1. Report the FRET efficiency, 1/(1 + (r/R0)^6), for residue C:127 and residue B:41, where r is their Cβ-Cβ distance and R0 is 22 Å, rounded to 0.05.
2. State the percent of C-alpha pairs, over all pairs in chain D, separated by a distance greater than 32 angstrom.
3. For region A:27-151, what is the largest minus smallest coordinate of the Cα atoms on each principal axis, given in angstrom and ordered from greatest to least?
4. With label points built 7 Å along Cα→Cβ from the Cα atoms of residue A:103 and residue D:137, find their separation and express it in nm.
5. Please compute the average number of Cβ atoms from other chains found within 10 Å of each residue's Cβ in peptide D:62-72.
6. Provide the convex hull volume over Cα atoms per residue for chain A, in Å³.
7. Shape call for region A:169-313 from the C-alpha gyration tensor, a ≥ b ≥ c root eigenvalues: rounded (a/c under 1.5), prolate (a/b greater than b/c) or oblate?
8. Tell me, in nm to one decimal, what length is gained between residue B:48 and residue B:281 on full extension, where the rule is 0.36 nm per residue of separation less the Cα-Cα distance?
């Protein structure tokens, strides 16, 4: 069983933030940049959402941060207030009138909304399922992040990593050199890793977040891939699943980071790209990359869980029944994979094939409650107390299932659940799906 | 002159017994919509009431009002009210008398200057059309102004006199005006209706006779006693309205069962008159009872308020064409706004890339 | 008959109208009951002007049927006929004033011991006394 | 049937039934079309292969969003059902009071059965009660207070007035005003509603459909039922 494999994200974030150079924008420039990013993000869909809000406040009751704190400011739609204001004043058909009734945004507003758009939003999208008007609040908050990032107001932790990844391709100093080193370690254990094969059918991605401390996740993935016997590779010029551009809200960085993977996949002629167990990476690549790239892509993008699930269904992946002592489990749907990604059944098929007893939490599948770590929040030291409160909701739902083991398929969720164990002295076992599969190959 | 006698004298001269007098007073109180407890007051007042001189001027009218009143009153008890007043001039009724009738009027006006009651039916053409309605060479406008000068009060009989009525209906070809439009310095009692309920007119006369005062009036100058409540509230078909039972056409099952006529355009809810209680033709029936909705004939400009058969709640919302034009205008404005917004968006997106 | 029934006309009579609809009879009967109680307790009479109450077709007939016929019935001629009759409930009198042409000029329900119009009127009695005295004088007695 | 009303001395009721309403309808139509077409902004064409049909998902969400999943709904029971009660009450009163039906029949050319006044009175009172409770909630609940704008209060008033004037006219509790005046105020309150509708949050009655469709489509594209 993989114990905590990497240091706490918060510590990593803090370390990274120390190296961030401020952009040195004046107040006017900050506001102008933020507005520009807001306007750029206001598509027809966004405009419809912005027009539709009836200020009913129901979205609050979907948000784990509001439910756990009862603090009104964590109402999801309130987190989009600067965006709403700019829309009302600049783009709405009522803009001439609205300029009289709606105050312009100030730098103070932007500063104040940093906490709301980053610390208290994991981009889990649950509010977007509840809103009676059908407002996609999650996507609006992402535009708020875009604006804050453009104004240089993204949290230093996220901005620093985002800049690093944009410019160097590495995360927290871990780049292709680190990958080669880890691959060597895995190979030393007798597991073959086809690094930098020129051509391959399947391109497997990894993440520095997975192998910063140890090689177990990469090893587990390689084991399963080898067992499947497909022509696969992992490329040192495009292996990083995580996209800190998306997390920080820096759209330029997001595009450039996605493009790196697309270029690698195109170069290798891969038919499938397998995204590592990294929450946001999946929707960013699967649902945004091609549009940002500007062309349809000639390959499929799948999450590890999704890929394994498909192979299982096709009969190519064979698993031992009930291994690893995990006989009774509950499954924590990673928001980014499930609600924001559309992958629910694959992980459950795998658990079913393993013969474990699965007890679902009350909120599961598309209505799953977030663990509180997604959307880059786990990198933010300032968000720690909030995360701990929100985690309590998750804990209660897990407790009610009576299952001693929580399986998940996202590194961030895994880390958050592990951290929760530490905070609460919790006796649950946290397992990630890749590990479970690799340990139970038949 | 007969005007010096009291009403009591006149009645006794008719050989009316005390019982008959009391019966007359009871009927009069009922007519005036007074409670029965007021009968003795009425009796005392009538006994000593002076007979007022009354001058009735018909103008631009159809004689329907005169017809309604004379037809109903001649052989009845209410007729005594007319016997109790001194009707010194009524042009239509006196037409055969020629110049002598005119002289009688002049004489009555002179002798009772400041004290006579002026009854008017019909509207009055004005301005360039003033001469379109004349009697004996005098325009009605001048006759009204002359007669009004010496009147104690004016009773506008019928909707034409009270509010202009049908002559004033769009496009008002004679620039017809009501009495109250033209005379502003005299008390005016409006007794509208097309025609007015005869009992209501006699009731108003009885009030003047008994109390010598103008009855309490509503904002449209109508006596509250008769026009204080709308037809809808006093209608015997009201329970059907409450239950949602309506006649849909004039010959359906609902119509036969006497259901509410709201859907057929009844204007009862906004019409104030005594029809529902006093009824017509000696209490025999009234329009709603005979199966037709109220036309609202005692209301100002009732002729110009759209179809009599259009339900009250159906408004004049416009037409499909206007709405279509509106939609097109909205679309044009919207697309322009969208184009401007798109420009802003594009600029922002380009700058973001740069 | 077939021609007439095709026209949307219904001849309404008291018996044909559904009872619960023109429900003015019942409240009136209650009002009469209260008035009777007042008469019994304090001797206070009441007069109700039923002509000025909105009545549907058949309402008046139903009210009259409900009150019924009592023992006393009187008529007098003065400015047309007047009929005064006691209902089946003692003390409840129905007074109908007809005008010269037989139309109803007024209709009252009087709740009292004896309707005032039945009594000889003081003025008439005085006039009668005078007239009788004159007649006797004329006869030379 | 839509001949104009011609008269010189126009009463308030005539004004309300005629010109006021007519202009209100025109503004209503212009405003709605204007605000809808103004939303035709650039949209990004999504180039990723979809997991499900965005169109059918969008269509489904038009309805399914009215009944959120239990685990979401359990926290919003009060808002959810008071919202239902208010909208149902409003539509019952709007559509099934005989005079209202006649108003629409005149416009649409067809009518429908209506309810006895007793029911209408009941629904009106309930609806007004809910509106008052919701207003109180808006004034007191911190979540709502921070989201509330002047639009919310104006829209509340605009929605409340037709009920108030309607029940005043209906029950003849007119505070000394003439019935026709109250009836005219009722018509005018509806005109005010029509005029305000496209420019305030009442417009949600229209926006809800594209918005729900879009959120449904966005999730459906990703293979998620919304």
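Each value in this text was obtained by applying a stated rule to the coordinates, not by laboratory testing. Since this is a predicted model, take the numbers as computed values, not measurements. Because the Cβ atoms are built from the backbone with ideal geometry, glycine has one as well, and the counts that use them run over all protein chains shown.
1. The pair residue C:127/residue B:41 has a calculated efficiency of 0.45.
2. Of all Cα-Cα distances in chain D, 32 percent exceed 32 Å.
3. Here the Cα extents, ordered largest to smallest, are 36, 27, 23 Å.
4. Roughly 2.8 nm, to one decimal.
5. Going residue by residue through D:62-72 and averaging, the value is 4.
6. Looking at chain A, the number lands at 130 Å³ per residue.
7. Taking the square roots of the gyration eigenvalues as a ≥ b ≥ c, region A:169-313 is oblate.
8. 80.8 nm
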